[in-house]
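See structure below.
What follows draws every value from the coordinates through simple rules; no lab data is involved. Since the model is a prediction, treat every value here as computed from it, not as a measurement. Here the Cβ is made from the backbone with ideal geometry for all residues, glycine too, and neighbour counts use every protein chain on show.
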Amino acid sequence: MSLPPTLVEQVAAQLQAQGWMLTTAESCTGGLVAAACTDLAGSSAWFERGFVTYSNAAKTELLGVDAALIEAHGAVSEPVARAMAAGALARSGAQLSIAITGIAGPTGGSADKPVGTVWFGWGAQVRAGEPRLHTERLRLPGSRAAVRAAATEHALRGLLATLAGLA
């Protein structure tokens, strides 16, 4: 009896079928998506690189996110997730990106952005010009570890959905 392919195996198969590479831009997950991807043997065929941009300065320096955008909207926001996804594509040469920025807790939340608030940005560079970008916000329950694990899984599921939407 064979087991069903994991989320990462599904992402890998679809990327390889397209001849595409993946890049990650992670804040609250601290590289968990990149680690899940590179746990799979042969990932160098489809995984280009990962950016761990935990600080605002890292988002600006490594991904080109405008500091004024972070100042205006906060690091955990739709505009910043979108800019992270676009910046990861621009600075990696990959065709697909996932960006994650959120508040894993147990501290750091506010009334407007409670602990568990996570913004995701998926980007696809299907041809020259502006990339296709999609964002989503979730409020994930549980401990810091639970929020980070759920965000990692949601990011991978979103990559599959993005790839399916481009087929």
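Some points to look at:
- For the chain: relative contact order, % (alpha-carbon pairs under 8 angstrom, 6 or more apart): 22
- Table column - 3J(HN,Hα) (Hz), region 45-51, Karplus curve with 6.51, -1.76, 1.60, x for Gly and Pro: 6, 9, 10, 7, 5, x, 10
- Extension gain (nm, one decimal) between Arg139 and Gln16, 0.36 nm per residue minus Cα-Cα: 41.1 nm
- Ordered by the count of other Cβ atoms within 10 Å of each Cβ, fewest first, Ile98, Ile103 give Ile103, Ile98.
- Ala68 versus Leu166: modelled label distance in nm, points set 7 Å from Cα along the beta carbon direction: 3.1
- Length gained when the stretch Glu78-Arg49 is fully extended (0.36 nm per residue, less Cα-Cα span): 8.2 nm
- Derived scalar couplings between HN and Hα for region 77-93 equal 7, 4, x, 6, 4, 4, 5, 5, 5, 5, x, 5, 4, 5, 9, 10, x Hz in order, rounded to whole Hz, by the Karplus curve 6.51 cos²θ - 1.76 cosθ + 1.60 (θ = phi - 60°), x for Gly and Pro.
- 3J(HN,Hα) from dihedral phi, region 122-133, Karplus parametrisation 6.51/-1.76/1.60, rounded to Hz, x for glycine, proline: 10, x, 9, 9, 7, 7, 4, x, 5, x, 7, 10
- Lys, Arg +1 and Asp, Glu -1 on Cβ, resulting dipole of the chain about Cα centre, debye, nearest 20: 120
- Sorting 5-13, 25-33 by average packing, meaning the other beta carbons within 10 Å per residue, from highest down gives 25-33, 5-13.
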